[in-house]
1. To the nearest 10 degrees, how steeply does helix 9-22 sit against the main Cα axis of the chain, on a 0 to 90 scale?
2. How would you rank 176, 88, 76, going from fewest to most other Cβ atoms within 10 Å of each one's own Cβ?
3. Taking R0 as 22 Å, what's the FRET efficiency between residue 94 and residue 224 from their Cβ-Cβ distance, rounded to 0.05?
4. Note the angle between two axes, namely the Cα long axis of helix 212-224 and the longest principal axis of the Cα atoms of the chain, as a number of degrees from 0 to 90, rounded to the nearest 10.
5. Expressed in nm to one decimal, what extension gain is obtained for the pair residue 67 and residue 124 from 0.36 nm per residue of sequence separation less their Cα-Cα distance?
6. Rounded to the nearest 10 degrees, what's the angle between the helix 65-110 long axis and the longest principal axis of the chain, both from Cα atoms, 0 to 90?
7. Among 79, 87, 135, determine the one that fluctuates most according to a GNM of the chain built with springs between C-alpha atoms less than 10 Å apart.
8. What ranking of 161, 212 emerges when the number of other C-beta atoms within 10 Å of each C-beta is taken as an exposure proxy, fewest first?
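Only the coordinates and a few stated rules stand behind these numbers; no lab work does. This structure is a prediction, so every number in the text was calculated from the model and none was measured. Because the Cβ atoms are built from the backbone with ideal geometry, glycine has one as well, and the counts that use them run over all protein chains shown.
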């Protein structure tokens, strides 16, 4: 914890890996490993350990579940942002490469002996190149425009208690799904008298059931829309 607070990431990794060697199911070691890997930009490792910590929290009914759930979302968001930066950089490079290739083709056509001294042919080649360049630019602009459209998280992926994107949805007896960390915190406030937020009937932790299909849908949406983690 001290090394984590002081940003000594390598020290955190050493401590936590040694801890896991001695105690493979230690939730805090996984949680701290995730936090240390994130600033090092080891996004896949950060998410892997965050998910492991989350599963251990669920298994042991650990009160850190809400904090670990937040870490999972943070890892997914930062991993997605990194992938988006690389994708945009690659798209920009591709646009520049295509433009350069078209310019080379234009210049080669203009140097052709058959048209080099023919102003009419040269003007026609330049006009054709301009049309191609405009069409190419239109294709890239449309792609960028589609990415910049207003983003919206679907209602089915939103927790009605915390209003955050769901990571581990569970269903109550009423069939309504909530983020596990949120509904468990709701129950913990008054374990003997907690009520189902929908039916107002008595609700216990044992009543909660994993919503596998919804969890898979949330994972797929977040994989392509990492911005939703911070929605």
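1. That works out to roughly 50 degrees.
2. The most exposed by this proxy come first: 88, 176, 76.
3. For R0 = 22 Å, the calculated efficiency reads 0.65.
4. Once rounded, the angle reads 40 degrees.
5. 14.0 nm
6. It is inclined by approximately 10 degrees.
7. 135
8. Ordered by Cβ neighbours within 10 Å, fewest first: 212, 161.
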